[in-house]
Amino acid sequence: MLENKIRSIVIVGGGTAGWMTAAAASKLLRNQYCDIHLVESDEIGIIGVGEATIPQIQLFNKVLDLQEDDFVRKTQATFKLGIEFINWRRLGHSYIHPFGSYGINMLGMEFHHFWLRLLKEQGKAPEIEDYSIAAVAAKQNRFMRPIQRVNSPLSEIHYAFHLDAGLYGRYLREFAEARGVKRTEGKVVQVKQREGNGFIESVVLENGTAIEGDLFIDCSGFRGLLIEQTLKTGYESWLDYLPCDTAVAVPSAKVGEPTSYTKSTAHTAGWQWRIPLQHRTGNGHVFSSQYMSEDEATSILLNNLDGEALAEPRTIRFNVGKRKKYWNKNCVAIGLSSGFIEPLESTAIHLIQSNIARLFSLFPTRDFHQTDIDMFNNQASLEMDRVRDFIILHYIATERDDSDFWNYCRTMEIPDYLKRKISMYQNSGRIFREDEELFNETSWLAVMQGQGIEANGYHPVVDTISKEELAARVNDVHQVIARSVEEMPSHQAFIDRFCKAEKPQM
Ligand SMILES: Cc1cc2nc3c(=O)[nH]c(=O)nc-3n(C[C@H](O)[C@H](O)[C@H](O)COP(=O)(O)OP(=O)(O)OC[C@H]3O[C@@H](n4cnc5c(N)ncnc54)[C@H](O)[C@@H]3O)c2cc1C
């Protein structure tokens, strides 16, 4: 046993970030290694939004060994195959950013190069999304989990979940407490630092109780109680790149069957999300307060609900950007305390999971080696930068010129990485996943094509097959996907059969 091992972890905050961290720590450290203590304040509460996920959440569920149907039932979840972007490229236009890939690789080459040649030679071709099983299934509101079948797109279905954030927190809390995590309800009013090195020593609650720890995880949300208010770590704002800074959120009554995808509808100074759950629909309007008032944003949201509003709309302000360090001294910021990229591609829960994984791969001793801390900070920072660039793509690549907001977005200066990525695709149809970035080639292709960026070339190797063979191969993929989707049940039928939630208690 290491003499300088971590003896106690203190997690401040019981939102999605706090309970995900507690659940993972209780599982990975097997409740034997050290004490895990979570402090949360019922009076402050949680942010309570954050209901759409990406497929990587399945890895997190696997680490916890969750039974997926049980997880879906208990969080009133539905399945998500991608996101439909409406009015983003121009008014009246829509496209789907699906999970999974397009077609199949041929001649060792990504499918889209073949599609690009077909488009170039014929002047038209079916939309790229017609070659994605997730997109075609989403458009028909179907869903099933992948099955094992050789050479079938049905074995390549990638999916995520829409879930109730409050229920998800409760679910993880039950999991963590059952594995020994100690929870204390109370408001932290003071944070004590050690003389000399400034490391955090303890957090003190309103009733005077001091909770000491070796490692502190700041999951206190936007306020960054430890990482910022105490350690003054600093923040890099990205408002110039991503001008949306406010959201109005409201749940609405469920109408009809849940869609197997999230909807994102662009408005004049932002966009609206629609997230279907089993018992209700989550909605929100994300907008730039520089270009639209809160009243106008609220009225647009309420006028665009498909069911009756179930609560008063709630306004949430945010500052898009990242903390200058995620790990400072003996404190690691996870969740909104570490920074926030607006929720367009539902990446925040993933970034929580990713930083939890990073923390466990670099789990410290009480020596807190600076090289490990630097590695964590460099990796987390790079991951966030790449997600930011992908989100900016949705705003910069647009034909919309119907408002000051879109005129700003369309013409703003963008990071060099994004410029390079767009230019490479325009020149040669090539897309590369760099630095283990979160979004893969499919995602970049979906959004570049969807937003109207055109590739002028394709991989030269595609010219080694004849016109006829090209048309036959591409058409074959189209047909196989269409036939495969016909085998899938409706999203609702799938839920009813495997994971229908009980009616919520009123
Ligand atoms: C508008 C919007 C939409 C979003 N949509 C998505 C989405 O679709 N998908 C996605 O992945 N993410 C989304 N997110 C992000 C997601 O909501 C968050 O990443 C997630 O909820 C984690 O929040 P958190 O736990 O860091 O903070 P919070 O939920 O704010 O929790 C903070 C915790 O700290 C506690 N706390 C704070 N101060 C003290 C104190 N002094 N003493 C004791 N306790 C304290 C609070 O009580 C609370 O328990 C969205 C965010 C916003 C703003």
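Read the figures in this text as sums done on the coordinates, not as results from a lab. The structure displayed is predicted, hence computed values, not measured ones. Neighbour counts are summed over all protein chains in view; Cβ atoms, including those assigned to glycine, are modelled from backbone coordinates with ideal geometry.
Simple point charges give the picture: +1 on the Cβ of Lys and Arg, -1 on the Cβ of Asp and Glu, and for the chain a dipole about the Cα centre of about 720 debye.
Annotation note: GluC sites (Glu not before Pro) in region 309-413 located in DSSP loop regions with a Cβ neighbour count of at most 10 within 10 Å are Glu413. Listed by Cβ neighbour count within 10 Å, with the fewest neighbours leading, Phe498, Phe99 appear as Phe498, Phe99. For a 24 Å ceiling on Cα separation, which of these pairs sit above it: Lys27/Lys322; Lys62/Lys187; Lys74/Lys182? Flagged as over cut-off: Lys27/Lys322; Lys62/Lys187. Remark: Ile465, Ile200 ranked as Ile465, Ile200, counting other beta-carbon atoms within 10 Å and listing the fewest first. In this rough spin-label picture, where each label sits 7 Å from Cα along the Cβ direction, the Tyr235-Leu59 distance is 2.8 nm.
Average 1/r across all pairs of distinct alpha carbons in the chain, invert it, and you get the Kirkwood radius: 24.0 Å.
Ordering Arg280, Arg7 by the number of other Cβ atoms within 10 Å of each residue's own Cβ, fewest first, gives Arg7, Arg280. Between Arg90 and Asp374, the C-beta separation translates, for a Förster distance of 60 Å, into a calculated FRET efficiency of about 0.85. Along the axis of the charge dipole computed for the chain (Cβ charges of +1 for Lys and Arg, -1 for Asp and Glu, origin at the Cα centre), the listed residues Gln148, Tyr241, Ala493 are led at the positive end by Gln148.
Amide H contacts of Ile36 (H built 1.01 Å from N, in plane; Pro and chain starts excluded): Ile9, Lys182 sit under 5 Å, all sequence-distant by 5 or more or on other chains. With contacts taken as Cα pairs under 8 Å and at least 6 residues apart, the chain reaches a relative contact order of 23 percent.
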